Amino acid sequence: MSDFGQANAASRRRLEDLAGRLADQDLARATPYGWTVAALLAHLAFWDQRVLALVRRWQAAGRVDASPIDAAAVNDALRPLCLALDPRAAVALCLASAAEVDAALAALPAGQIAAIEAELQANPFQFRFNRALHRQDHLADIERLLAPAGA
């Protein structure tokens with residue numbers, strides 16, 4: 001298993017563990033930056049789905065092309081949609097998206113990984129094989145938010 005595959009699997013297990021402990025009131029807790037726990041999980045699902053969509057597109061086309069994105073604008077536009085989702089649906093979507101993208105990335109042949117890496121170097125854009133980098137940031141935010149006062 002690749003380094004990113006190991007990191008993805010570990011972060012997915014951490015995500016699954018956290019999701020299994022979340023009560024409805026936990027999902028409704030708001031961050032200082034305007035997202036609820038459930039909305040953050042939906043946000044993670046979106047970004048995992050974007051990577052999955054790109055991988056599928058590249059596989060179907062037989063080539064890799066850049067897909068520039070303004071992540072800040074996307075997140076701003078995405079927030080009201082994520083906040084509107086049923087919290088338990090957001091959890092399910094997050095877990096399913098993480099499992100699906102991790103499996104797709106783990107199954108990539110070395111040649112396709114090299115082609116994607118070459119495109120990223122030539123035209124940097126928002127794409128990470130290592131999904132754990134994004135997940136860990138938000139999991140840490142959620143855990144801090146849910147930690148007992150003074151912990």
Of the residues Pro87, Pro80, which single one is crowded, with 18+ Cβ neighbours inside 10 Å, at pLDDT 95 or above and over 17 Å from Val51 (Cβ atoms)? Pro87
Which residues, counting only those in the range 117-144, are of a type in the set (Lys, Arg) and assigned to a helix (DSSP H, G or I)? Arg135, Arg144
Every residue from the range 1-29 that is in contact (Cβ under 8 Å) with a residue 12 or more places away in the chain and of a type in the set (A, V, I, L, M): Met1, Ala7, Ala9, Ala10, Leu15, Leu18, Ala19, Leu22, Leu27, Ala28
Just a yes or no: is a residue in the range 93-108 more than 23 Å from Asp17 (Cα to Cα) and surrounded by 16 or more Cβ atoms within 10 Å (Cβ to Cβ)? yes
Residues being assigned to a loop (DSSP other than H, G, I, E, B) and loosely packed, with under 11 Cβ neighbours inside 10 Å - total across the range 67-77: 2
Which listed residue, of Gln59, Gln25, is modelled with pLDDT under 95, surrounded by fewer than 16 Cβ atoms within 10 Å (Cβ to Cβ) and either under 17 Å from the mean Cα position of the chain (by Cα) or not acidic (Asp, Glu) (or both): Gln59
If you go through Val51, Val64, the only one that is buried (at least 18 other Cβ atoms within 10 Å of the Cβ) and either part of a loop (DSSP other than H, G, I, E, B) or modelled with pLDDT under 95 (or both) is Val64
Please count how many residues of the range 98-116 are under 17 Å from Arg50 (Cα atoms) and either in contact with an Asp or Glu (Cβ under 6 Å, 6 or more places away or on another chain) or assigned to a helix (DSSP H, G or I) (or both). 11
Contact list, first residue from the range 66-80 and on the phi < 0 side of the Ramachandran plot, second anywhere and part of a helix (DSSP H, G or I) and of a type in the set (D, E, K, R), beta-carbon distance below 7 Å, six or more apart or interchain, is Ala66/Glu119
Cβ-Cβ below 7 Å, separation at least six or inter-chain, first residue in the range 133-145 and within 12 Å of Asp17 (Cβ to Cβ), second at pLDDT 95 or above and β-branched (Val, Ile, Thr): which pairs? Ile142/Val37
Tell me, yes or no, whether the range 117-125 has at least one residue that is buried (at least 17 other Cβ atoms within 10 Å of the Cβ) and among the hydrophobic types (A, V, I, L, M, F, W, C). no
Across (1) out of contact with any Leu (no Cβ under 9 Å at 6 or more places or on another chain); (2) surrounded by 13 or more Cβ atoms within 10 Å (Cβ to Cβ), Ala7 clears everything bar (1)
Considering only residues that are at pLDDT 95 or above, within 26 Å of Ser67 (Cβ to Cβ) and not small (Gly, Ala, Ser), which ones fall in the range 1-22? Gln6, Asn8, Arg12, Leu15
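The values are calculated or read from the model by the stated rules, or taken from the named source; none is laboratory data. It should be emphasised that the depicted structure is a prediction, and the values quoted were computed from it without experimental measurement. With ideal geometry, Cβ positions are generated from the backbone for all residues, glycine too; neighbour counts draw on all protein chains shown.
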